[in-house]
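> The following block contains the structure, expressed as structure tokens.
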Amino acid sequence: MNFITDNRGVSEVVGAILVFGLFVALLAVFQTTAIPAANEEVEFKHSQQVQSDLVEFSSATSRVSSSGNPESVKVQMGTSYPTRLLFFNPQNPTGQIRLAGNQTASIQNVTATDDETSEYIDGSITNLEAKRLEYSANYNEYRNPPTNVLEYGTVYRAFDNQTVIDDPGKVVSGNDISLTLFAGNLSRASGGSMSLEAEPTSAPARTVTVEPSGGPMVLRLPSRLDASQWEELLSEEENVEDVRSAGGGDFVEIELNETKEYNLRMPQIGVGSDTPDTEATYVTRASNRQLQIGEANRLPIEVRDRYNNPVSGESINISVDTGQFQNGNQTIETTTTDDGQPSARYTGSGAGVVEVEASYARKPSDSSFNPDNKEDIRFNVSFNPRLDQTDPTIQDATLSEDAFTVCTSFNDVTIPVISDTVTSCLTTATVSQMIVDYDVTDTGGSGLDYIELAVVDSNGNTLMNSTERVQGAQSQGIFRSPQINHDEAGEPTSVDIRVYDRNGNSDNTTEALP
């Protein structure tokens with residue numbers, strides 16, 4: 001019997017096996033080359049997103065420094081890879097954000113030009129808490145990614161071999177010195193997004209005129225940047241005489257021209273937990289404006305903290321030698337408002353000069369009262385009949401409201417699928433901020449002094465008062481009130497806007513909320 005071999009179909013099977021093998025090989029090539037390259041691109045784009053988030057947070061801290069109102073910015077801590085059929089992705093990258101550094105900043109050889117303020121600023125300003133915000137990511141493919149850093153309003157990316165400045169900030173700009181200082185505790189790792197809040201622990205920032213004393217003024221700052229990098233940042237500043245390393249490289253010293261006066265601002269921004277409370281450090285005269293006979297005046301007294309910024313809610317004792325307060329006496333114990341100035345109103349009884357004594361530590365009648373103490377003050381205020389009879393004018397005032405919901409209590413929830421803990425909001429509250437776009441003028445010659453906002457509810461009750469300095473014959477700007485918690489304070493319906501000149505004249509308008 002003859003057996004005949006039948007090879008039909010063998011070539012098709014072999015071909016199928018070869019095609020399948022080639023397919024598997026291509027999958028392997030893609031898994032080891034194309035997929036990592038695609039994931040690296042995802043990680044690189046995320047790194048750029050975090051860079052933008054920190055620049056936005058820096059801008060938020062600048063606004064908080066001016067307004068004294070908290071703001072928050074969403075930071076994308078981690079990222080995720082797109083789902084790819086037949087391919088495997090590594091675990092999604094996570095990021096860590098923290099406050100770093102335990103050293104303190106200082107300003108050497110400095111004194112205030114104002115007599116009362118110089119009782120506190122006279123020689124040096126020391127022990128200024130100065131932490132920096134750092135973000136780093138745990139990427140799978142993006143090799144040697146930078147650490148994103150924010151310090152003193154300067155945003156940069158620190159690579160192993162170089163530093164890239166994203167926002168140079170303005171530590172020194174002409175005759176202006178601005179030190180935005182971070183305080184608190186923060187260390188958080190996450191693969192999702194988080195809300196990073198900037199809390200005004202010492203703000204709004206006041207500007208204090210200072211000058212060198214006993215030698216050139218020197219800013220001594222703990223910094224991750226070295227002296228050469230700071231020198232490059234400040235290369236166009238004519239008042240910067242020298243930039244040098246100090247403290248074994250942990251500090252940079254910026255020496256300034258000793259023939260100039262400088263405008264110093266030092267807001268402190270709280271980040272994370274354990275943010276410090278503001279404490280009264282000295283009392284000073286707020287302005288040189290005249291008071292008016294027969295009218296209720298706010299005395300130009302201001303309680304400030306060690307960063308030269310106003311302290312609200314501080315009890316203060318005041319006495320005068322003529323006239324009376326709203327209680328009918330020449331002495332009163334009152335509290336300071338958001339601008340650090342006493343809420344009490346004083347009415348004079350005749351032309352001339354009134355002597356004012358004030359202290360947040362004791363009564364002016366106490367034997368320990370001494371105007372040379374930084375917590376005590378004595379000064380004279382001219383109290384003449386009104387010389388400027390012309391009221392300032394509110395040319396334009398446009399009111400808007402920025403209302404939003406905030407979390408008032410939180411809870412951490414663990415999600416096993418992504419092996420991460422996210423923050424869950426338990427309770428919320430409605431918060432709003434009044435925004436007034438204003439244009440005010442004064443033609444009487446005394447000059448503008450300040451704008452006052454009074455937020456009112458439907459029953460005519462004042463929910464909040466806030467003031468902002470203006471000067472010159474005309475001023476245009478945007479006034480942002482402190483935030484109002486509707487659940488605690490009440491529902492605002494209108495805002496009374498009043499502008500004062502330096503002679504006590506005023507103009508006002510009431511705007512209803514849209």
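> Is it the case that segment 224-243 has a residue that's in contact (Cβ under 8 Å) with a residue 60 or more places away in the chain and of a type in the set (Gly, Ala, Ser)?
no
> Take the residues in segment 127-142 that are outside any strand (DSSP E or B) and over 20 Å from GLY272 (Cβ atoms), then tell me which one is modelled with the highest pLDDT.
Residue satisfying both the conditions and the ranking: TYR139.
Conditions tested, residue by residue: (1) small (Gly, Ala, Ser); (2) in a helix (DSSP H, G or I); (3) within 9 Å of the chain's Cα centre (by Cα).
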position: LYS45; (1), (2), (3): no, yes, no
position: VAL55; (1), (2), (3): no, yes, no
position: SER58; (1), (2), (3): yes, yes, yes
position: VAL64; (1), (2), (3): no, yes, yes
position: ASN69; (1), (2), (3): no, no, yes
position: SER72; (1), (2), (3): yes, no, no
position: TYR81; (1), (2), (3): no, no, no
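> Of all residues in segment 301-322, which are over 24 Å from ILE269 (Cα atoms) and assigned to a loop (DSSP other than H, G, I, E, B)?
If the condition is that a residue be over 24 Å from ILE269 (Cα atoms) and assigned to a loop (DSSP other than H, G, I, E, B), then ASP321, THR322 are the ones that fit.
> May I ask you to list the residues in segment 156-183 that are closer than 30 Å to ASN92 by Cα and either surrounded by fewer than 19 Cβ atoms within 10 Å (Cβ to Cβ) or acidic (Asp, Glu) (or both)? Give the derivation first.
In the first step, residues of segment 156-183 are kept if they are closer than 30 Å to ASN92 by Cα; the result is 156-167.
Correct list: ALA158, PHE159, ASP160, ASN161, GLN162, THR163, VAL164, ILE165, ASP166, ASP167.
> Provide a single number: the residues in segment 255-280 that are of a type in the set (A, V, I, L, M, F, W, C), part of a strand (DSSP E or B) and either within 14 Å of VAL64 (Cβ to Cβ) or touching a helix residue (DSSP H, G or I) at 6+ places or on another chain (Cβ under 6 Å) (or both).
Residues of segment 255-280 that are of a type in the set (A, V, I, L, M, F, W, C), as a first pass: 256, 264, 266, 269, 271, 280.
With part of a strand (DSSP E or B) added as a condition, the list becomes 256, 264, 269.
In the following step, the residues that additionally are either within 14 Å of VAL64 (Cβ to Cβ) or touching a helix residue (DSSP H, G or I) at 6+ places or on another chain (Cβ under 6 Å) (or both) were identified as 269.
Number satisfying all stated conditions: 1.
> Considering each of SER118, SER124 in turn, give the residue that is within 30 Å of GLU238 (Cα to Cα), small (Gly, Ala, Ser) and in a helix (DSSP H, G or I). I'd like the intermediate steps shown before the answer.
Values: SER124 fails: in a helix (DSSP H, G or I).
When all the criteria are applied, what remains is SER118.
> Now a separate question. May I ask you to say which residue of PRO204, PRO168 is of a type outside the set (Gly, Ala, Ser), over 18 Å from PHE57 (Cβ atoms) and outside the structural domain of ILE301 (by TED's automatic domain parsing)? First the steps, then the outcome.
On the way: PRO168 fails: over 18 Å from PHE57 (Cβ atoms).
Answer to the selection: PRO204.
> Something else about it: ALA286: crowded, with 17+ Cβ neighbours inside 10 Å, more than 25 Å from GLN103 (Cβ to Cβ), touching a strand residue (DSSP E or B) at 6+ places or on another chain (Cβ under 8 Å) and at pLDDT 95 or above, yes or no?
no
> For segment 206-215, state whether one or more residues are of a type outside the set (Ser, Thr, Tyr) and closer than 27 Å to SER136 by Cβ. Walk me through how you get there before you give the answer.
Narrowing segment 206-215 to residues of a type outside the set (Ser, Thr, Tyr): 206, 208, 210-212, 214-215.
Those still in the list that are closer than 27 Å to SER136 by Cβ too: none.
Within segment 206-215, not a single residue is of a type outside the set (Ser, Thr, Tyr) and closer than 27 Å to SER136 by Cβ.
The values are calculated or read from the model by the stated rules, or taken from the named source; none is laboratory data. All figures in this text were calculated on a predicted structure; none of them were measured in a lab. Neighbour counts are summed over all protein chains in view; Cβ atoms, including those assigned to glycine, are modelled from backbone coordinates with ideal geometry.
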